[in-house]
1. Determine which member of the set A40, A59 is within 12 Å of the ligand (Cβ to nearest atom), small (G, A, S) and without any contact (Cβ under 8 Å) to a residue 40 or more places away in the chain.
2. Within the range 62-75, take every residue that is over 15 Å from the mean Cα position of the chain (by Cα) and assigned to a loop (DSSP other than H, G, I, E, B) and give me the one that is farthest from the ligand (Cβ to nearest atom).
3. Can you tell me which residues in the range 1-19 are of a type in the set (A, V, I, L, M), at pLDDT 95 or above and out of contact with any strand residue (DSSP E or B) (no Cβ under 6 Å at 6 or more places or on another chain)?
4. Starting from the range 90-109, keep only residues that are touching a residue at least 60 places away in the same chain (Cβ under 8 Å) and within 17 Å of Y125 (Cβ to Cβ), then list their pairs with residues that are more than 10 Å from the ligand (Cβ to nearest atom) and of a type in the set (V, I, T) whose Cβ atoms are within a distance under 9 Å, requiring at least 6 positions of separation or different chains.
5. Looking at the range 79-92, which of its residues are surrounded by 13 or more Cβ atoms within 10 Å (Cβ to Cβ) and either assigned to a helix (DSSP H, G or I) or within 12 Å of the ligand (Cβ to nearest atom) (or both)?
6. Residue under question is N120, and the condition is that it be surrounded by 14 or more Cβ atoms within 10 Å (Cβ to Cβ), more than 11 Å from the ligand (Cβ to nearest atom) and of a type in the set (S, T, N, Q); does it hold?
7. Among the residues of the range 7-29, which ones are more than 10 Å from the ligand (Cβ to nearest atom), under 19 Å from E122 (Cβ atoms) and of a type outside the set (A, V, I, L, M, F, W, C)?
Amino acid sequence: MRKGIYPGSFDPVTLGHLDIIRRASELVDELVIAVLRNNAKKSLFSVEERIGFLKQVTADIPRVKVISFGGLLVDCAVEYGTRTIIRGLRAVTDFEYELQLAQTNKRLRPDIDTVFLTTNVEYAYLSSSVVREIAGYGGDISHFVPECIIEDVYKKAKRGEEV
Ligand code: PNS
């Protein structure tokens, strides 16, 4: 069985993430979506909230599992029995960071590879931070996040408390 792992902060999940998830799920038998548990980085949504959003928006996608991880990504990949890390690439601005991440992970675990899916051009500008900012000011986020989480995103983002 070929498994892939799609890691990220997902604070919150966007339509760009969801597009990658749908396409990645076609490439593997099981896709593990791994939410980073990182206390050093301030986030708007708790890990539990982010997992809840991801489960909601992927409910119709078969063979997808949502988990959280707190250590190294490669250790998480090994724990879940996958040697394929999947990341989305939006633009050239992502490239340097993604290359560093992929090469570091390769150095740590030579048996694990990173596969990049280019983001749909429709979502090339989109990021979770853009969503947080627009939602915080009450702007329209309907083109940015899945419909079923819009209200929840507004509720939290308008209060603007980071965790
Ligand atoms: O959505 P993001 O914030 O761009 O995702 C970044 C993520 C979670 C993929 C990255 O920060 C990560 O893998 N963190 C876990 C720690 C780790 O393995 N670091 C070593 C590689 S530099």
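The values are calculated or read from the model by the stated rules, or taken from the named source; none is laboratory data. Here the structure is a predicted model, which is why all the values come from computation and not from measurement. Cβ: placed from backbone, ideal geometry, glycine included. Neighbour counts: every protein chain shown.
1. Going through A40, A59 in turn, just one is within 12 Å of the ligand (Cβ to nearest atom), small (G, A, S) and without any contact (Cβ under 8 Å) to a residue 40 or more places away in the chain: A40.
2. Across the range 62-75, the extreme among qualifying residues is P62.
3. Matches in the range 1-19: V13, L15, L18.
4. Hits for this filter: R90/T118; R90/T119.
5. Hits for the range 79-92 are E79, I85, I86, R87, G88, L89, R90.
6. It is true that N120 is surrounded by 14 or more Cβ atoms within 10 Å (Cβ to Cβ), more than 11 Å from the ligand (Cβ to nearest atom) and of a type in the set (S, T, N, Q).
7. Once the filter is applied, which keeps residues that are more than 10 Å from the ligand (Cβ to nearest atom), under 19 Å from E122 (Cβ atoms) and of a type outside the set (A, V, I, L, M, F, W, C), the range 7-29 yields P12, T14, G16, D19, R22, R23, S25, E26.
Quick grid of which residues meet (1) part of a helix (DSSP H, G or I); (2) not polar (S, T, N, Q):
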{"position": "G52", "(1), (2)": "yes, yes"}
{"position": "A77", "(1), (2)": "yes, yes"}
{"position": "D94", "(1), (2)": "yes, yes"}
{"position": "Y97", "(1), (2)": "yes, yes"}
{"position": "Q100", "(1), (2)": "yes, no"}
{"position": "D111", "(1), (2)": "no, yes"}
{"position": "V130", "(1), (2)": "yes, yes"}
{"position": "A157", "(1), (2)": "yes, yes"}
